[in-house]
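Below: one structure, written as C-alpha cells.
The values are calculated or read from the model by the stated rules, or taken from the named source; none is laboratory data. From a predicted model like this one, the values you see are computed outputs, not experimental measurements. Here the Cβ positions follow ideal geometry from the backbone for every residue, glycine too, while neighbour counts run over all protein chains shown. What goes into the accessible areas is simple: the full protein's heavy atoms, side chains included, and nothing from ligands, DNA or RNA. Shrake-Rupley method; radii C 1.70, N 1.55, O 1.52, S 1.80 Å.
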Amino acid sequence: IECIVIDDGSTDGTKGEIMRAVALYGSKVKLIVFPVNQGKREGMAAGVNEAQNEIVIFVDSDSFLEPDAIRNITEHFIDNPTIGAVSGNTKVENGRQNLLTRMQSIQYAISFDIYKTCESVHKSVTCCPGCFSAYRRIAIKPLIHKWKEQKFFGIKGTFGDDRGLTNFVLKSWNVIYCERARATTNVPSKFLVYWKQQLRWKKSWIREGIFAGAFMWKRHPFASLGFYIHFTFPFLGPILAAKVL
C-alpha cells in the first residue's frame with residue numbers, strides 16, 4: 001500500500017502535518033505539493049500518474065475509512081476482471097450536528113443504499129463518489145489526460161470530477177457498488193455552503209447525464225431504462241407539478 005497525498009496549494013498547515021507522516025512512515029507516504037491551487041482534477045490526475053500499484057483508491061480529505069474498508073473494496077477487482085471501478089459506501093460523519101446535516105444523512109442513505117444498490121445489480125453504477133471509490137489503474141491511466149481536459153460547450157470542467165471519471169470507465173468496464181466498504185464524510189452544516197455544493201453537483205449531473213446518454217443504451221436493458229427514466233424525470237417533474245397546480 002502506498003499513500004499519495006496531494007497538497008493543492010493549501011495554506012492551513014496540511015503540508016507540515018503530512019511531512020510528519022512522511023517522517024513516521026517513510027516512503028509509504030508520498031507528498032505532492034502544488035504551489036498554487038489547481039483544482040481537484042489536477043490533483044487526482046497527479047495522484048494517478050504517481051501511483052505504482054494495480055488499484056487506485058480516491059479518498060477526500062474530510063473522509064474517514066473503516067478499518068476493513070480497503071480490503072472490502074479491493075476484493076471485487078480480484079474476483080472479477082471485468083470490474084473497472086467500485087463505489088464505496090459513504091455515510092455522513094457529522095449527521096447529528098444540526099437539522100441540515102440530519103437531512104443530508106438521509107439523502108446519502110438513499111443515494112447509496114437504494115440508487116447505487118439498484119444500479120449495481122447490472123454493474124452500471126453511474127457515479128463513484130470522490131469521498132471513497134476505487135478504480136483499476138489500467139482502466140483510468142490511458143484516459144486520465146482526456147478526462148482532466150474534458151470540456152462542455154468549450155468550457156473546461158472544474159467540478160463533477162467523480163461522475164465524469166465514472167462515465168469514462170463505464171464505457172468499457174463494469175462499475176459496481178460495495179455496501180461493506182464503509183466510510184464517512186463531513187457534509188456542509190451551513191445552508192449557503194450546501195446550496196453552492198448542490199449547484200455544482202446538479203450542473204455536473206446534467207452535463208455527465210448528457211454524456212452518459214450517448215452510450216448507456218448499450219448496457220443491460222433494465223440498466224438503460226432505469227438511467228433514462230431517472231435522467232428525464234427531473235425535467236418532467238416541474239411540468240407535471242405545474243399541471244397539477
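Laid out as a table, the results:
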{"item": "Residue that is farthest from the chain's Cα centre (by Cα) [pool: residues in region 172-187 that are outside any strand (DSSP E or B) and crowded, with 17+ Cβ neighbours inside 10 Å]", "result": "W173"}
{"item": "First in region 115-133 and within 19 Å of T184 (Cβ to Cβ) and in contact (Cβ under 8 Å) with a residue 24 or more places away in the chain, second anywhere and of a type in the set (D, E) and in a loop (DSSP other than H, G, I, E, B), Cβ under 9 Å, 6 or more apart", "result": "P129/D60; G130/D60; C131/D60; C131/D62; F132/D60"}
{"item": "Among (1) surrounded by 18 or more Cβ atoms within 10 Å (Cβ to Cβ); (2) assigned to a strand (DSSP E or B), the one test that F112 misses", "result": "(2)"}
{"item": "From the options T117, T158, residue that is under 15 Å from F227 (Cα atoms), open to solvent by 30 Å² or more (accessible area, probe 1.4 Å) and out of contact with any Ser or Thr (no Cβ under 9 Å at 6 or more places or on another chain)", "result": "T117"}
{"item": "Single condition R200 does not satisfy, out of (1) open to solvent by 40 Å² or more (accessible area, probe 1.4 Å); (2) touching a helix residue (DSSP H, G or I) at 6+ places or on another chain (Cβ under 7 Å); (3) in contact (Cβ under 8 Å) with a residue 40 or more places away in the chain", "result": "(2)"}
{"item": "Qualifying positions in region 139-155 - open to solvent by 60 Å² or more (accessible area, probe 1.4 Å) and in contact (Cβ under 8 Å) with a residue 24 or more places away in the chain", "result": "K141, H145"}
